[in-house]
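The values are calculated or read from the model by the stated rules, or taken from the named source; none is laboratory data. Please read all numbers here as calculations on a predicted model, not as lab measurements. Cβ: placed from backbone, ideal geometry, glycine included. Neighbour counts: every protein chain shown. Calculation scope for accessible area: heavy atoms of the full protein, side chains included, ligands and nucleic acids excluded. Shrake-Rupley method; radii C 1.70, N 1.55, O 1.52, S 1.80 Å.
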Amino acid sequence: MRRINLKKVNVARADTIRYINRQVVLNYVREKEPISRAEISQETALQRSTISLIVDELKTRGLIYEIEGESTGGRPPALLRLRASGSMAIGVDIGTAQTTMAVADLVGRVVDREIFDTDPDVMATFRRVTAGVQRFIRTHKNIEGIGVSVPGLVDPETGTALFIPHFKWRNWALTADLRKVVEVPVIVDNDANAAALAELWLGRPEIRDVRDFVLVLVEEGLGAGIIFDGQVYQGVAGAAGEFGHMTIGKGAPVACAAGSEECWEAFASERATLARYKQRRAGSVDSEITFRELIDNAFGDDSDARDAILETAHYLGLGISNLTKALSPEAVILAGDIARAWPLIAGELRSTLAANTICSGLPLAPVFASTLGEDTRLLGALSLVLARKFASALPA
Ligand SMILES: [Zn+2]
């Protein structure tokens, strides 16, 4: 039987707490700057001494700086600000349709951007990415790292994209290949993991203090990113979070990326919703639309679009109820273009979730729609760099 090395676990645990506390302080400074140490201490459970220690660490590394606040009689308070201009990151979101590359500062403000159609030929896409990255590095100073988000399975140790179903790309040594042409650190991860990190670093305030949550990314396929203790839970070979392939039922409107008609992805992805819409509009000339158009139509007076997306909401609720039973997260976030349809689908999704969670007697996890919009995956790619930087702000 495999035994757990408790010594190692305890060390990891202490590092994790350090990392999380750093993240909490930095997020407060990022969102509420200028802010004093006392205000952070009032709003968090952290001790003043812990906050001062973290602030000193972050100042030493040039991540934050102090300004003098307004005096209310006594000594003016020292207020903290994020030194955003000092560090930049490159984010590369390799999507199934388009690849978006950008340079941003530490608070996710994009200063340069490039978009191109992703070429099904992996080498052609790689050449475009390389050229873009080289241009960014020539044009912008202080690039700390490159984060790459890909729509498939990634080995977190090596940064190799093991399988990207849409293009059938296998074993693409993305990190190693990029490191041959640039000297900046490269971090590659799956798009849902990256998007989950983006929620943690740049997302809505409700998530800021949540340490355990699941992000469900609905796209052509369906993926999930699990944040456990403020960090991405990778599992063996980065294969955790493949909820898109959990069995939901029979007779889905499409097959999943692996060819099964029983997987969650086959019931709740964009492809599934579009296929349902087509079935409803059989014979009609305007049934060939994009997912975004379908959402627009659903908000309009197209009842077929609305019904198709409500059925998807039902299956999203079913799947989320299953993953809630497995992981009991503090929250679930729904991301992808479907987040735009939230006012239409929230009711159906939540009632299905409630009806299917009842038998377990578990608390219902709140479900939110992502607020990061179209740039979720790009911000995810950037967050890969931010998270790495802040995690290693100072040697533990
Ligand atoms: Zn499947």
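When the range 111-136 is examined, which residues are found to be touching a residue at least 24 places away in the same chain (Cβ under 8 Å) and either in contact with a Leu (Cβ under 9 Å, 6 or more places away or on another chain) or open to solvent by less than 60 Å² (accessible area, probe 1.4 Å) (or both)? Passing the criteria: D112, T118, V122, T125, F126, V129, T130, G132, V133, F136. Only one of the listed residues (A104, A45) is modelled with pLDDT under 85 and outside any helix (DSSP H, G or I). That residue is A45.
Results for (1) surrounded by fewer than 22 Cβ atoms within 10 Å (Cβ to Cβ); (2) farther than 18 Å from G244 by Cβ, shown as yes or no for each residue.
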residue	(1), (2)
E311	yes, no
L316	no, no
S321	no, no
I333	no, no
I338	no, no
E348	yes, yes
S351	yes, yes
L364	yes, yes
E374	yes, yes
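Scanning the range 259-291 for residues being open to solvent by 60 Å² or more (accessible area, probe 1.4 Å), free of Cβ contacts under 8 Å to residues at least 40 places away in the same chain, in a helix (DSSP H, G or I) and of a type outside the set (D, E) gives a total of 4. Scanning the range 172-191 for residues that are farther than 12 Å from P156 by Cα, crowded, with 24+ Cβ neighbours inside 10 Å and touching a residue at least 60 places away in the same chain (Cβ under 8 Å) yields a single hit, D191. The one condition from (1) without any contact (Cβ under 8 Å) to a residue 24 or more places away in the chain; (2) crowded, with 17+ Cβ neighbours inside 10 Å that G152 does not meet is (1). Of the residues making up the range 225-258, those that are outside any loop (DSSP other than H, G, I, E, B) and either within 16 Å of the ligand (Cβ to nearest atom) or at positive phi (or both) are A237, G238, F243, G244, H245, T247.
Applying the selection to the range 192-245, what residues are among the β-branched types (V, I, T) and under 16 Å from V154 (Cα atoms)? Hits for the range 192-245 are I226, V232, V236. Give just the number: which of (1) within 24 Å of the chain's Cα centre (by Cα); (2) more than 26 Å from A173 (Cβ to Cβ) does D117 not satisfy? For D117, the exception is condition (2).
A residue that is out of contact with any helix residue (DSSP H, G or I) (no Cβ under 8 Å at 6 or more places or on another chain), open to solvent by 30 Å² or more (accessible area, probe 1.4 Å) and among the acidic types (D, E) occurs somewhere in the range 59-80. Among the residues of the range 259-283, those identified as within 11 Å of the ligand (Cβ to nearest atom) and among the hydrophobic types (A, V, I, L, M, F, W, C) are C263, W264, A266, F267.
For the range 205-224, taking the residues that are part of a loop (DSSP other than H, G, I, E, B) and buried (at least 16 other Cβ atoms within 10 Å of the Cβ), the one that is nearest to the ligand (Cβ to nearest atom) is identified as G221. More than 10 Å from the ligand (Cβ to nearest atom), more than 18 Å from A365 (Cβ to Cβ) and open to solvent by less than 10 Å² (accessible area, probe 1.4 Å), is that true of A194? Yes; evaluated as a whole, the condition is true for this residue. In the set E293, E330, only one residue is touching a strand residue (DSSP E or B) at 6+ places or on another chain (Cβ under 6 Å) and acidic (D, E); that residue is E330. None of A161, A195, A173 is within 23 Å of I295 (Cβ to Cβ), of a type in the set (A, V, I, L, M) and either modelled with pLDDT of 95 or more or in contact with a Leu (Cβ under 6 Å, 6 or more places away or on another chain) (or both) except A195.
Looking only at residues that are part of a helix (DSSP H, G or I) and not hydrophobic (A, V, I, L, M, F, W, C) in the range 353-362, which one is surrounded by the fewest Cβ atoms within 10 Å (Cβ to Cβ)? Filtering first and then ranking leaves S360.
Within the range 81-101, the set of residues being surrounded by 15 or more Cβ atoms within 10 Å (Cβ to Cβ), within 26 Å of R22 (Cα to Cα) and of a type outside the set (S, T, N, Q) comprises L82, R83, A84, G86, M88, A89, I90, G91, V92.
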